[in-house]
């Protein structure tokens with residue numbers, strides 16, 4: 001049942017609007033609070049009164065109509081949503097959202113929401129298969145928007161092919177399963193410390209040594225861990241990524257020493273430590289408080305060794321779960337395996353930076369999990385969020401077996 005859940009349903013102009021009536025009716029009867037936004041084109045097929053009666057809520061159709069409350073309506077609707085469902089979703093609304101266009105109540109509200117947005121497309125086959133539409137769908141999926149794929153069959157225009165709105169049962173099941181999955185928090189109450197991003201080692205006020213880490217892997221793990229109910233502390237070097245929502249704590253660091261101090265301070269309060277940050281092994285032996293001026297001769301910078309944070313944590317591990325990462329360019333398995341025993345890790349996630357679709361900056365990764373007993377589990381190329389969930393799955397098993 002959907003008792004207490006807030007579902008915003010966006011209805012756009014297409015012959016399949018009549019099926020949206022059934023969707024609203026059914027999820028309302030399952031206990032959801034349903035708020036409907038209709039485009040002007042949708043109103044040409046079904047009147048707002050129909051959806052108002054089915055949802056028992058006022059229906060919004062116009063950005064500039066007289067408001068029913070004193071709230072900024074599109075912002076309030078965006079905030080209330082636990083799930084935003086657009087059914088039917090035309091090529092027009094897909095294109096608008098994919099390209100950041102907000103020129104009516106529905107597109108504006110979608111832009112303002114932070115809730116999951118699900119499109120249920122319905123359109124002519126040629127429109128759906130048009131490369132522009134497909135590219136817009138791919139772009140939205142990359143941004144995290146979800147889709148209930150249309151089915152194939154006889155369309156209202158007489159054509160036969162893909163583009164028919166998914167069956168109402170399938171759409172309602174999707175909504176129900178969505179909330180069922182949200183309610184499953186298999187890492188509930190587990191305190192997880194995650195490190196991410198690069199470290200920076202200053203040479204002078206202008207120059208520094210760093211690496212190519214984007215932080216995407218660590219941030220993806222943090223986001224997944226939060227979604228699964230964990231209390232997450234994220235310690236991060238400088239990135240261009242948005243901070244994941246609902247973290248217990250976010251700590252920004254710069255140098256390897258900063259990272260070491262932050263990790264050791266937070267270590268005791270966490271059951272799991274996932275060390276995905278790319279830590280500089282060396283730092284300049286001497287820091288110049290003034291910019292080093294260019295000369296005719298070569299410049300030599302002497303480097304000293306930074307602390308091996310994973311090694312230090314392994315010494316005080318106790319009953320905690322420690323996960324390491326090994327980003328290598330050669331002898332991946334050999335180099336990664338050496339680190340497991342040396343650093344007292346429960347397992348290590350190894351990846352070959354030379355492979356396309358793996359490593360820094362990429363949204364995907366290709367990794368191997370290497371365990372202390374010598375077992376190896378190889379994953380195919382997948383989104384870093386998926387890799388993150390595989391890591392968390394293994395961590396859950398380790399915790400259960402302790």
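The values are calculated or read from the model by the stated rules, or taken from the named source; none is laboratory data. Model, not experiment: these values are computed from the prediction. When we count neighbours, we look across all protein chains shown, and the Cβ atoms used for this are built from the backbone with ideal geometry, even at glycine.
When each of 93, 37 is tested for being at pLDDT 95 or above, under 19 Å from residue 147 (Cα atoms), under 23 Å from the mean Cα position of the chain (by Cα) and surrounded by 24 or more Cβ atoms within 10 Å (Cβ to Cβ), the lone residue that passes is 93. Identify, please: which residue in the range 288-325 is more than 35 Å from the chain's Cα centre (by Cα) and surrounded by 12 or more Cβ atoms within 10 Å (Cβ to Cβ) and is, among those, nearest to residue 222 (Cα to Cα)? Among those residues, the one meeting the criterion is 303. The number of residues in the range 216-257 being part of a loop (DSSP other than H, G, I, E, B), out of contact with any helix residue (DSSP H, G or I) (no Cβ under 8 Å at 6 or more places or on another chain), under 23 Å from residue 362 (Cα atoms) and in contact (Cβ under 8 Å) with a residue 40 or more places away in the chain comes to 2.
So is residue 110 touching a strand residue (DSSP E or B) at 6+ places or on another chain (Cβ under 7 Å) and in a helix (DSSP H, G or I) or not? Yes: the conditions hold for residue 110. Residue-level analysis places residue 230 among those that are under 30 Å from residue 179 (Cβ atoms) and under 35 Å from the mean Cα position of the chain (by Cα).
Looking only at residues of the range 4-32 that are over 11 Å from residue 86 (Cβ atoms) and under 26 Å from the mean Cα position of the chain (by Cα), we find that the one that is surrounded by the fewest Cβ atoms within 10 Å (Cβ to Cβ) is 4. State which residue is farthest from residue 41 (Cα to Cα) when the search covers only the range 109-132 and only residues that are surrounded by fewer than 20 Cβ atoms within 10 Å (Cβ to Cβ) and over 22 Å from the mean Cα position of the chain (by Cα). This residue is 131. The residue that is surrounded by the most Cβ atoms within 10 Å (Cβ to Cβ), counting only those in the range 136-150 that are in contact with a helix residue (DSSP H, G or I) (Cβ under 7 Å, 6 or more places away or on another chain) and over 16 Å from residue 23 (Cβ atoms), is 137.
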